[in-house]
Amino acid sequence: MSAVNLDIKIIDSVLNGNIDNFVVLVNRHRERVFLMTAKRVPGNDIEDVTQEVFIRAFKNLHTFSRQKPFANWLCIIVLRTCSDYWRKNYKRRELIATAYCNGTGNSDNIEWLGIIVNEKVCANYPKNVRQKELRELLDWTLNKLSPEDRRLIEVVYFEGLSFKEAAEKLDWRLSKTRVRAMRARHKMRKLLNPFF
């Protein structure tokens, strides 16, 4: 039996009252959901957000249309849950960033931010440290985007989907996907210009 058919069989069982079988779906898709979530939220919140994804999937299982594989449907829930996470925490992120920009943040952190964008210093660091620093800068830039734009950039550039595939995954029109990607890239370029 194919993975898609097995998922549908389990879903039918859950919808027919065997709710304990949902654990089988969780076990089948836990690693993928965890890895997707880990790319999108801070480390100490990964488990909570992953759990929220499965709670939402369980509550909305009756809406699964079967037109696409369950894994695709679950990926959309992951993306929306991560977007909701950032929307909820947006004010907290802005307060932290504002403190740094106004000079009221921890001076060690401000100094460290300056170091990570200094190409000469980065060139002397071991490769793994340089990658960590660049990832921090990328995360900072992505966090300046709206949750929808961040999700789009991640789907297209980190997961390697075409605009057409991204539009399907995000349930957007192709034209909207292209325009939003262009605007998001432009904003990121503008944010990164002072550092390079």
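Computed from the coordinates by the stated procedures, all read-outs in this text should not be read as laboratory data. None of the values given here were measured: they were computed from a predicted structure. Cβ coordinates were reconstructed from backbone atoms using ideal geometry, including for glycine residues, and neighbour counts include every protein chain displayed.
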| Distance violations [Cα-Cα > 18 Å] among LYS144/LYS169; LYS39/LYS144; LYS39/LYS164; LYS88/LYS144; LYS88/LYS187; LYS144/LYS187 | LYS144/LYS169; LYS39/LYS164; LYS88/LYS187
| message | Loop only by DSSP, 16 or fewer other Cβ within 10 Å of the Cβ. Give me the trypsin sites (Lys or Arg not before Pro) in region 4-49 that pass, ordered by residue number. | response | LYS39
| note | A correct Karplus calculation of ³J(HN,Hα) over region 159-168, with 6.51 cos²θ - 1.76 cosθ + 1.60, θ = phi - 60°, whole Hz and x for Gly and Pro, returns 8, x, 7, 6, 4, 5, 5, 5, 4, 5
| With θ set to phi - 60° and the Karplus curve 6.51 cos²θ - 1.76 cosθ + 1.60, what are the ³J(HN,Hα) couplings of region 142-154 in order, to the nearest whole Hz, using x for Gly and Pro? | 4, 5, 7, 7, 5, x, 5, 5, 4, 4, 4, 4, 5
| Sorted by Cβ neighbour density within 10 Å, fewest at the top, the residues ASP48, ASP7 | ASP48, ASP7
